[in-house]
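Here is the structure we will look at, set down as structure tokens.
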Amino acid sequence: MDLQVFNIQGKPVRTIKVPDEIYGVDMNTAVLHTVVKAYRANRRQGTHATKTKAMVSGGGKKPFKQKGTGGARQGSTRNPHMPGGGENFGPQPRDYRLGVNKKVRQLGLKIALSDKIRHGKLIVVEDFGLAKCSTKHITGVMAAFKAAKAMFSDERKDDFLYKSARNIYGAGAVTPAEINAENVLRYENLILSETALNAIAQRLGGATK
């Protein structure tokens with residue numbers, strides 16, 4: 001498969017070949033659903049909690065005498081149906097993590113990348129040309145490609161790209177090692193540098209030419 005490489009002004013400069021086994025994979029919604037659900041579930045902290053009757057302080061004394069009040073008998077003010085009482089069947093801390101094996105995660109990423117290419121939403125640039133943090137520079141790149149929402153990726157030692165994109169609504173930046181099916185699908189456009197494209201290909205067992 002051939003991909004066009006652009007400069008940051010949006011002008012095409014050359015064409016490169018990318019492996020079909022990574023960027024030409026057919027859509028499989030079942031795999032994507034499994035992988036994306038796992039990524040989202042694994043981000044949940046699971047620290048939610050409510051106090052049960054046993055956890056609420058007080059309630060050792062009988063609220064009022066057993067008979068003669070005309071009301072229902074009560075043994076504790078901390079019962080769930082009493083004001084200030086414990087929560088019955090409320091949420092408790094739990095682990096939401098879902099296990100997905102490596103091959104399925106990689107297949108999910110290949111499907112997501114292939115889908116971006118089919119819809120013309122994966123853009124490869126020579127280099128972002130960032131010598132310092134510059135939000136204006138990244139908004140200029142987005143404007144050049146008419147990308148209202150985009151995720152950027154580049155193989156860099158500094159954090160200039162991340163800091164330049166983080167203040168832009170609808171934009172984000174990750175390293176090639178952090179790219180997964182969930183964050184690819186989260187953004188409408190995916191803008192990669194050539195170094196990021198090569199890093200992803202090496203990670204998934206392919207090579208660009």
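Considering Lys163, Lys149, Lys132, Lys136, the condition of being closer than 29 Å to Glu21 by Cα and assigned by TED's automatic domain parsing to the domain that holds Thr195 is satisfied by Lys149 alone. Cβ-Cβ distances below 7 Å connect the following pairs, each with a first residue in segment 173-190 that is assigned by TED's automatic domain parsing to the domain that holds Val35 and part of a loop (DSSP other than H, G, I, E, B), a second residue that is of a type in the set (S, T, N, Q) and buried (at least 18 other Cβ atoms within 10 Å of the Cβ), and a separation of six or more residues or different chains: Thr175/Ser153; Ile179/Ser153. Looking across segment 149-163, just one residue is more than 22 Å from Lys121 (Cα to Cα) and surrounded by 19 or more Cβ atoms within 10 Å (Cβ to Cβ), and that is Phe160. Please tell me if Lys17 is at pLDDT 90 or above, closer than 18 Å to Ile123 by Cα and of a type in the set (D, E, K, R). For Lys17, the condition - at pLDDT 90 or above, closer than 18 Å to Ile123 by Cα and of a type in the set (D, E, K, R) - is met. Considering each residue of segment 128-172, count those that are part of a loop (DSSP other than H, G, I, E, B) and either at positive phi or without any contact (Cβ under 8 Å) to a residue 40 or more places away in the chain (or both), and give that number. Here the count works out to 16. Among the residues of segment 164-190, those identified as closer than 9 Å to Asp154 by Cα and surrounded by 16 or more Cβ atoms within 10 Å (Cβ to Cβ) are Ala173, Val174, Pro176. Taken together, Val13, Val35, Val56 contain a single residue that is of a type in the set (A, V, I, L, M), surrounded by 14 or more Cβ atoms within 10 Å (Cβ to Cβ) and either outside any loop (DSSP other than H, G, I, E, B) or in the same structural domain as Leu113 (by TED's automatic domain parsing) (or both), which is Val35.
Considering only residues in segment 115-148 that are within 19 Å of the chain's Cα centre (by Cα) and more than 17 Å from Ser193 (Cα to Cα), the one that is surrounded by the fewest Cβ atoms within 10 Å (Cβ to Cβ) turns out to be Ala148.
The values are calculated or read from the model by the stated rules, or taken from the named source; none is laboratory data. What you are looking at is a predicted structure, and each value in this text was computed from that prediction instead of being measured. Glycine gets a Cβ as well: all are built from the backbone with ideal geometry, and neighbour counts include every protein chain shown.
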